[in-house]
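The values are calculated or read from the model by the stated rules, or taken from the named source; none is laboratory data. These numbers come from a predicted model, not from an experiment. As a convention, Cβ positions derive from the backbone with ideal geometry for all residues, glycine included, and neighbour counts pool all protein chains shown. Quick note on the areas: whole protein, heavy atoms, side chains included, nothing else; ligands and nucleic acids left out. Shrake-Rupley method; radii C 1.70, N 1.55, O 1.52, S 1.80 Å.
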Amino acid sequence: MAEPGKEIAARVVVQQCLHAKLQVKPPSHDSEAEWVEIKKGMVIYICFFKGADSAVIPRIVNTLLNVKLSETNDGKHVSVKELPGDVLIVPQATLGGKMKGLCMQYHSNAGKDQAMQLYSQFTTLCQQELEANLKWADSGSRLQFGTYGNRQVLQLDTNGPYTHLMKF
């Protein structure tokens, strides 16, 4: 989590889900839309701020993959690795928004190139960490992620609005 008095490097929203489907490529005149899909697990929405660098990525990944927010069938809370469950990562620049009057501004967000690089490092490290966990890797669970910079359509089924905001 973000240390008191230290600039925020990233804002993350984590949501438990039963099923989620994310459009990663919109339809065009010569092709249909492309989608990724997960079953029971978690959806991670992430936004990087100005000043963020790759040093924060391992801490974010470690926290998100080990926090006990995933609910088992008997109601016990475990990590997504322990569940084991699927993970969907959605780049979400709007998490960096600040209201000014009745409008939203995104001046605190990392620049597009920097944010895209951090997002790529984040998804890669998530994949490595999940695959290194034998229980998760052997379960057939999947990691899917959205396309940075695209408008994406999300379909989500949850078992309650079980949503958490985290700052790093």
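Picking from LYS81, LYS50, LYS21, which residue would you name as being modelled with pLDDT of 95 or more, under 19 Å from GLN144 (Cα atoms) and open to solvent by 40 Å² or more (accessible area, probe 1.4 Å)?
LYS21
Looking at region 122-168 only, could you name the residues that are touching an Asp or Glu at 6+ places or on another chain (Cβ under 8 Å) and surrounded by 12 or more Cβ atoms within 10 Å (Cβ to Cβ)?
Selection gives ALA137, SER141, ARG142, LEU143, GLN144, TYR162.
Looking only at region 110-119, how many residues end up being open to solvent by less than 60 Å² (accessible area, probe 1.4 Å) and either under 14 Å from the mean Cα position of the chain (by Cα) or under 14 Å from TYR45 (Cα atoms) (or both)?
Let us first name the residues in region 110-119 that are open to solvent by less than 60 Å² (accessible area, probe 1.4 Å), namely 110-111, 115, 118-119.
So of that shortlist, the ones also either under 14 Å from the mean Cα position of the chain (by Cα) or under 14 Å from TYR45 (Cα atoms) (or both) come out as 115, 118-119.
Selection size over region 110-119: 3.
Given the options VAL67, VAL14, name the one that is modelled with pLDDT of 95 or more, of a type outside the set (Gly, Ala, Ser) and more than 21 Å from GLY97 (Cβ to Cβ). Outline the logic, then answer.
Values: VAL14 fails: more than 21 Å from GLY97 (Cβ to Cβ).
Criteria check complete, one pass: VAL67.
Condition first: in a loop (DSSP other than H, G, I, E, B) and charged (D, E, K, R). Now tell me which residues in region 59-88 satisfy that.
Once the filter is applied, which keeps residues that are in a loop (DSSP other than H, G, I, E, B) and charged (D, E, K, R), region 59-88 yields LYS68, ASP74, LYS76, LYS81, GLU82.
Please determine whether any residue of region 94-109 is open to solvent by less than 60 Å² (accessible area, probe 1.4 Å), of a type in the set (Val, Ile, Thr), closer than 18 Å to VAL12 by Cα and more than 12 Å from the chain's Cα centre (by Cα).
Within region 94-109, not a single residue is open to solvent by less than 60 Å² (accessible area, probe 1.4 Å), of a type in the set (Val, Ile, Thr), closer than 18 Å to VAL12 by Cα and more than 12 Å from the chain's Cα centre (by Cα).
Looking at region 66-79 only, could you name the residues that are closer than 19 Å to ALA20 by Cα and without any contact (Cβ under 8 Å) to a residue 60 or more places away in the chain?
SER70, THR72, ASN73, SER79, listed by residue number.
Return the residue satisfying two criteria in turn: it lies in region 53-78 and is farther than 16 Å from TRP136 by Cα, in contact with a Phe, Trp or Tyr (Cβ under 9 Å, 6 or more places away or on another chain) and aliphatic (A, V, I, L, M), and of such residues it is surrounded by the fewest Cβ atoms within 10 Å (Cβ to Cβ).
Result: VAL56.
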